[in-house]
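Each remark here refers to the structure printed beneath this line.
Coordinate-derived values only; no laboratory data. All figures in this text were calculated on a predicted structure; none of them were measured in a lab. In this analysis, Cβ positions are derived from the backbone assuming ideal geometry, glycine residues included, and neighbour counts consider all displayed protein chains.
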Amino acid sequence: MIPMPRGLFISHYPIRFSHTDMAGIVYYPNFFDMFQTVVEDWFDHWLGIRYATLISERKVALPSVRAACDFLSPARIGDTLDLTVRLDKIGRTSIAIRIDGAVRGAPSLRGEVVLVTLSLETFKSIPIPADIAARLEDYRNSTSSNSPATGGDSNVN
């Protein structure tokens, strides 16, 4: 049996030229793309549920129905942005998460994303599948102390 990760899921994003604007700082819409990537990584690496399988085989999607971000300080080309996933709320059909970003330990952004479980066959919201709900509860229980993840980190290029 694979040991279950503990603690918050943190993913590390090297900031590249393609992420930035003429000033060399991340162009703000790119953060929303990173939010989607960190959600997929969280599912794959911490929750143990392959995000691609949800869509292609199970016909379940998790579109964002709300996304917001407060930008606290710029992330620049050459920085590594650490994104931490915090579970705020598990609803009947939705999942509210917070994504905190930091560069060298200094807060850079605070994002909020609400995902809804959607049937790709009917394009209507559905209750969160039982296996996903169970893993979300595991995450909530594991992160109650807000400790960093062990074994759940991923590096994104």
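Around residue 103, what is the net charge, scoring Lys/Arg as +1 and Asp/Glu as -1 over all other residues with Cβ under 12 Å from its Cβ? Mind showing how you got there, number by number?
Numbers: positive: 76, 104; negative: 79, 82, 100.
Residues close to residue 103 contribute a combined charge of -1.
Report the longest stretch of the chain that contains none of the chymotrypsin sites (Phe, Trp or Tyr not before Pro) sitting in a DSSP loop with at most 15 other Cβ atoms within 10 Å.
Details: sites that count: 27, 123.
Counting only loop sites that pass the neighbour cut-off, the longest clear stretch is 28-122.
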Residue-averaged 222 nm ellipticity for the chain, from DSSP H runs of 4+ at -39500 (n - 2.57), nearest 500: -6000 deg cm²/dmol
Label points 7 Å out from Cα along the Cβ direction at residue 137 and residue 45: separation in nm? 2.7 nm
So, with points 7 Å from each Cα along the Cβ direction, the residue 68-residue 53 label distance in nm works out to 3.5 nm
For segment 110-146, state which trypsin sites (Lys or Arg not before Pro) are in a DSSP loop and have at most 13 other beta carbons lying within 10 Å of their beta carbon. 124
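Let me know the charge dipole size of segment 9-140 about its Cα centre in debye, to the nearest 20, where only the beta-carbon of Lys, Arg (+1) and Asp, Glu (-1) is charged.
Details: 15 positive and 16 negative charges, 48 e Å.
Computed charge dipole of segment 9-140: roughly 240 debye.
Run through segment 17-123 and list the GluC sites (Glu not before Pro) located in a DSSP loop whose Cβ has at most 12 other Cβ atoms within 10 Å. Please list the in-between numbers first.
On the way: sites: 40, 57, 112, 121; in loops: 57, 121.
Filter output for segment 17-123: 57, 121.
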If you filter segment 10-87 for trypsin sites (Lys or Arg not before Pro), then keep DSSP loop positions with at most 13 other Cβ within 10 Å, what is left? 16, 59
At 0.36 nm per residue, and after removing the present C-alpha to C-alpha distance, how many nm does the segment from residue 18 to residue 119 gain when stretched out fully? 33.0 nm
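Specify whether the C-alpha gyration tensor of segment 9-140 places it in the rounded, prolate or oblate class, a ≥ b ≥ c being the square roots of the eigenvalues: rounded for a/c under 1.5, otherwise prolate if a/b is larger than b/c and oblate if not.
Note, shape of segment 9-140 comes out prolate.
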